[in-house]
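See below for the structure under consideration.
The values are calculated or read from the model by the stated rules, or taken from the named source; none is laboratory data. These figures come from a predicted structure and were not determined experimentally. Here the Cβ is made from the backbone with ideal geometry for all residues, glycine too, and neighbour counts use every protein chain on show. Calculation scope for accessible area: heavy atoms of the full protein, side chains included, ligands and nucleic acids excluded. Shrake-Rupley method; radii C 1.70, N 1.55, O 1.52, S 1.80 Å.
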Amino acid sequence: MLFFMAVLFLIVFMMLFLLCKRIYRLVHKININSFLFWGIVLGPIIVFLVFFFYDRMNTLVVFLHFFVFLLLWDLLGLILKKVFKKSLGDFARLMGAFIITFFYLSYGYYLAHHVVETHYVIETTKDIGVDRFRIVQMTDSHIGSTMNGDDFISYMERINETSPDIVVITGDYIDDDTSKEDMINACFGLGQLKTKYGVYFVFGNHDKGYFNYRGYNESDLRLELSKNHVVLLEDQSIDLLENLTLIGRQDAQTKSRLSAKELTKEVDKQKYTVVLDHEPNDYQEESDAGMDLVLSGHTHGGQLLPMKYISKLFNIDDQSYGIQKRKNTTFIVSSGIGNWTIQFKTGALAEYVVIDLKNE
């Protein structure tokens with residue numbers, strides 16, 4: 001990760017240098033004092049450093065988008081010159097890239113902070129014992145990024161309006177940047193959920209924390225979840241109905257986690273099994289084990305537009321977003337109710353998922 005960030009930072013500074021060079025060409029003909037001249041020429045680097053000091057990741061996202069759009073304007077200028085013998089000046093290209101970046105990322109900011117409800121209906125030949133069983137899935141809230149603890153509580157009020165039978169949290173509920181106050185408030189919010197059969201939780205790769213600067217530890221999170229009657233499942237199963245079993249898996253990055261086959265060897269195959277697995281990267285094993293429904297998050301739906309296609313190209317995950325079926329197993333990946341650090345979503349929505357299980 002550090003190597004990747006170093007390379008990315010180097011690329012951005014190379015682009016900034018080229019941008020300053022382009023601005024130099026624009027302003028060197030203007031008769032202004034040297035202080036103002038160099039202030040304009042070096043402006044992009046100054047602006048970048050100021051914002052980078054405040055928010056590194058989002059500054060990189062904004063500047064990279066600007067440079068991509070500037071390259072597209074350069075390509076358009078080249079086409080106009082070759083085909084139509086028309087020229088597109090540097091100023092027009094710079095302003096075009098700035099305007100498109102502004103509106104594109106403004107929409108991305110709206111998508112990241114405007115949470116919608118996504119609804120799926122799944123029919124099964126197995127007798128689940130009720131006419132309809134409603135599951136609400138939340139994932140990747142990353143409390144403290146696009147929402148704080150109080151914001152999260154307001155979403156619990158919306159989820160209560162759906163009258164869920166159970167609510168499941170499929171990981172990355174918090175991360176290293178979640179304050180203790182926000183963690184406690186968000187757990188209190190989970191305690192306000194009104195369900196028939198409870199609220200269930202599995203860890204993601206961020207929940208336990210990679211570092212030690214957030215002022216609390218995994219035990220504190222476990223305590224707050226328990227105080228608010230949230231059931232934590234770690235390679236464990238629980239019978240919700242006579243014919244419906246819920247299985248919660250440890251995160252894929254946990255070395256001690258059981259295989260899908262090991263988890264289901266004691267489960268009655270006649271029962272409908274719902275599995276919570278944060279990372280969607282074990283589809284073959286889960287379908288071979290006869291799991292009926294697997295709910296995941298982790299990918300943020302691709303988050304930024306090219307990521308879902310990059311993930312598919314390099315087979316990073318089995319699926320980035322949506323619903324698919326393999327053999328007799330239905331897989332759902334949610335883009336998540338929140339985001340990790342990045343304040344924009346240009347490749348997906350922010351959502352919680354409502355799933356209705358019905359008999360065919």
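Solvent-accessible surface of the chain, taken per residue with a 1.4 Å probe and all protein chains present: 52 Å². Among the trypsin sites (Lys or Arg not before Pro) in the range 124-177, none is located in a DSSP loop while being surrounded by at most 16 other Cβ atoms within 10 Å of its own Cβ.
Sort S226, S259, S311 from largest to smallest accessible area, using a 1.4 Å probe on the heavy atoms of the protein chains.
Values: S226 75, S259 45, S311 10 Å².
From most accessible down to least: S226, S259, S311.
Rounded to the nearest 10 degrees, the angle from helix 180-191 to the longest Cα principal axis of the chain is 40 degrees. Count the net charge of all other residues whose Cβ sits under 9 Å from the Cβ of G149, scoring Lys and Arg as +1 and Asp and Glu as -1. After counting each charged neighbour, the total is -4. Rounded to the nearest 10 degrees, the angle from helix 2-27 to the longest Cα principal axis of the chain is 30 degrees. Calculate how many DSSP beta bridges within the chain are antiparallel, expressed in % of all such bridges and rounded to the nearest 5. Restricted to the chain, the bridges split so that about 35 percent are antiparallel. Of the residues V62, V83, V267, the one with the largest accessible area comes first in the ranking V83, V62, V267, computed with a 1.4 Å probe on protein heavy atoms.
Read through the labelled values (i) -0.30, -0.92; (ii) -0.38, -0.90; (iii) -0.36, -1.05 and report the label of the one computed as log10 I(q)/I(0) by the Debye sum over Cα atoms at q = 0.07, 0.12 Å⁻¹ from the structure. Here log10 I(q)/I(0) by the Debye sum over Cα atoms at q = 0.07, 0.12 Å⁻¹ agrees with entry (ii).
Using a 1.4 Å probe on the protein heavy atoms, what percent of the accessible area of the chain belongs to carbon and sulfur? It would help to have the intermediate numbers written out before the result.
Values: 11310 of 18620 Å².
Taking all protein chains in place, the chain shows 61 percent carbon and sulfur surface.
Each Lys or Arg adds one and each Asp or Glu takes one away; over the other residues whose Cβ falls under 13 Å from the Cβ of L349, this sums to -1.
Could you tell me whether the range 206-250 comes out rounded, prolate or oblate from its Cα gyration tensor? Rule is a ≥ b ≥ c as square roots of the eigenvalues, rounded for a/c under 1.5, then prolate if a/b exceeds b/c, otherwise oblate. Here the range 206-250 falls in the oblate category.
Qualifying chymotrypsin sites (Phe, Trp or Tyr not before Pro) in the range 62-156, where qualification requires a DSSP coil assignment and no more than 16 other C-beta atoms within 10 Å, comprise F84. Classification of the range 130-288 by its C-alpha gyration tensor yields an oblate form. The axis ratio a/c (a ≥ b ≥ c) is 1.5 or more, and b/c is at least a/b. Sites listed here are chymotrypsin sites (Phe, Trp or Tyr not before Pro) in the range 292-337 whose DSSP assignment is loop and whose Cβ has at most 16 other Cβ atoms within 10 Å: F314. When the listed pairs K21/K82; K325/K358; K308/K345; K126/K325; K208/K261; K196/K269 are checked against a 20 Å cut-off, the alpha-carbon distance exceeds it for K21/K82; K208/K261; K196/K269.
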